[in-house]
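In what follows, a structure is listed as structure tokens, so that the remarks can point back to it.
The values are calculated or read from the model by the stated rules, or taken from the named source; none is laboratory data. What you see is a predicted model, and the numbers here were worked out from it, not measured in a lab. When we count neighbours, we look across all protein chains shown, and the Cβ atoms used for this are built from the backbone with ideal geometry, even at glycine. Note: areas computed on protein heavy atoms with side chains; ligands, DNA, RNA excluded. Shrake-Rupley method; radii C 1.70, N 1.55, O 1.52, S 1.80 Å.
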Amino acid sequence: NRRKKKDDSILEIPSIPNPFPELCCSPFTSVLSASLLPKATSRKKQVIKVYSEDDTSRALEVPSDITARDVCQLLILKNHYIDDHSWTLFEQLTHTGLGRAIEDHELVMEVQSNWVMEEENKLYFRKNYAKYEFFKNPLSFFPDHMISFPSETNAAVSHSGILQMFLSSSTYPEIHGYLHAKEQGKKAWKKLYFLLRRSGLYFSTKGTSKEPRHLQFFCEFSNSDMYMSLTGKKISGAPTNYGFCFKPNKSGGTRDLKQLCADDEQSRTCWMTAVRLLKYGMQLYQNYMQPYQGRSGCSPLNITPMRSISENSLVAMDFSGHRSRIIENPTEALSVAVEEGLAWRRRGCLRLNSHGSPIDMSNVGKSIHRSQSWFHHKISREEAQRLILQHGLVDGVFLVRDSQSNPKTFVLSLSHGLKIKHFQIVPLEDDGKLFYTLDDGHTRFTDLIQLVEFYQLNKGVLPCKLKHYCARIAL
């Protein structure tokens, strides 16, 4: 009776739900069923190869629905780079000499599926400062003589209003101007008057007439991608170096390319920017405003923006006393940094090498710039222009290189106003000391690092400050 009473009391206790039901399943069934695994593991994975500017490469195993922005984010994390929203995945078609910046929302596997097997096409990981520059400075991208508005729109439209019209589904500004077009199956180029409308790209068969009976359809954009010519006149025989084209997604050869050529960089930039806005519209604005919003399922890549290394891990320290201390007052930290920098400059020749002997800083100044990311040793003028163009023709993109015409001098190549300008850095000797100058000796610097740091803070004789440098990164 006692035992029965005890069993009855046990049965009266309410049952507690098992918090780990998956651990109590039959020994003949798998403990980790497919429904319990993360969804990301059920997606197919593929290996892609990404190159950097110095032709080093890295293989990545990624999901089949990964976007270009997610690939950039993954490479930023793996290489410990600082994300400033300008990293871009770049597609280069080596056989045809064409290239384009893949939009952040595009699927990488879809891009690769359009490649022909026998062609050695590549994906590059690099900076592109001009990717969304038209949202910040539309005045430079849409000159007044190339844009017109619908008749129902008021004549006076602000440049911010232009962007709103591009992103609107009801109205669209008309881009017009002359372009050189290559005829299908022929080597000849013909200069025609083109018009870009929401329905596609047209050219006029009678001068600059915009009448419907004189307009002939050239191409549309839903099933094609736009590329920039990277080789200029070499492969296509174009009349200028400002070529671009439209390539159907499933096209295998050059016969299906719709090739065009502008007279200057401003014209080409305007046409290509307008086509991007026409094709992707509001999606570009979302990419610009929310650069870290990845696809669902790519949770490891949806992270908060990275801060710079100095903000994350470095603090100001004072080692002057018997014990080191952290300088918590930002004003004191700034004054100490300035004082230390001045003291370093004054010491000059009294710096010691590893053996304890003084170093002649005048000799060090001749080569210290070689360790800097903005310095490119012995590259040609054409290669410098190509590098700056790939990084985006934004005001302030620059690099420093050796001069080919005069081995003793250097050249500062700088982007300004959608043009690339070159400034000679001349060495001067005064009282046995070597200086460098950009303005015939009015402003002198002991080394190239001083010179670059000065013009990053001051415009001086340059058309703009130095803002973004072109670097050959390694993966």
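Residue-by-condition table, conditions (1) touching a strand residue (DSSP E or B) at 6+ places or on another chain (Cβ under 8 Å); (2) closer than 26 Å to N128 by Cα; (3) outside the structural domain of M272 (by the TED database):
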{"position": "D395", "(1), (2), (3)": "yes, yes, yes"}
{"position": "D402", "(1), (2), (3)": "yes, yes, yes"}
{"position": "H416", "(1), (2), (3)": "no, yes, yes"}
{"position": "K421", "(1), (2), (3)": "yes, yes, yes"}
{"position": "D431", "(1), (2), (3)": "no, no, yes"}
{"position": "L434", "(1), (2), (3)": "yes, no, yes"}
{"position": "D440", "(1), (2), (3)": "yes, no, yes"}
{"position": "R444", "(1), (2), (3)": "yes, no, yes"}
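Screening T240 with (1) at pLDDT below 90; (2) part of a loop (DSSP other than H, G, I, E, B) gives one miss only, at (1). Any residue at all in region 100-113 that is surrounded by 20 or more Cβ atoms within 10 Å (Cβ to Cβ) and at pLDDT below 90? The answer is no, given that none of the residues of region 100-113 is surrounded by 20 or more Cβ atoms within 10 Å (Cβ to Cβ) and at pLDDT below 90.
Taken over region 380-420, the criterion of being farther than 26 Å from S140 by Cβ and buried (at least 19 other Cβ atoms within 10 Å of the Cβ) is satisfied by F410 alone.
Rundown of residues vs (1) of a type in the set (K, R); (2) surrounded by fewer than 18 Cβ atoms within 10 Å (Cβ to Cβ); (3) closer than 30 Å to S113 by Cβ, yes/no style:
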{"site": "R197", "(1), (2), (3)": "yes, yes, yes"}
{"site": "L215", "(1), (2), (3)": "no, no, no"}
{"site": "W271", "(1), (2), (3)": "no, no, yes"}
{"site": "K279", "(1), (2), (3)": "yes, yes, yes"}
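If the condition is being assigned to a loop (DSSP other than H, G, I, E, B) and in contact with a strand residue (DSSP E or B) (Cβ under 9 Å, 6 or more places away or on another chain), then region 176-197 contributes E183, Q184, A188. Checking each residue in region 75-89 for being of a type in the set (A, V, I, L, M, F, W, C) and buried (at least 20 other Cβ atoms within 10 Å of the Cβ) picks out W87, L89.
The residue of region 368-388 that is nearest to R126 (Cα to Cα), among those that are free of Cβ contacts under 8 Å to residues at least 24 places away in the same chain and in contact with a His (Cβ under 9 Å, 6 or more places away or on another chain), is E383.
Being open to solvent by 10 Å² or more (accessible area, probe 1.4 Å) and in contact (Cβ under 8 Å) with a residue 24 or more places away in the chain is a description that applies to K433. Counting the residues of region 198-209 that are part of a loop (DSSP other than H, G, I, E, B) and either within 14 Å of C261 (Cβ to Cβ) or over 29 Å from the mean Cα position of the chain (by Cα) (or both) gives 6. Could we say that E53 is part of a loop (DSSP other than H, G, I, E, B), at pLDDT below 85 and open to solvent by less than 70 Å² (accessible area, probe 1.4 Å) here? Considered against the rule, which asks whether it is part of a loop (DSSP other than H, G, I, E, B), at pLDDT below 85 and open to solvent by less than 70 Å² (accessible area, probe 1.4 Å), E53 comes out as yes. Filter region 251-264 down to the residues that are open to solvent by 20 Å² or more (accessible area, probe 1.4 Å) and within 26 Å of the chain's Cα centre (by Cα) and list them by number. Within region 251-264, K258, Q259, D263, D264 qualify.
Under the condition of being among the charged types (D, E, K, R) and under 25 Å from the mean Cα position of the chain (by Cα), the residues counted in region 210-232 number 1.
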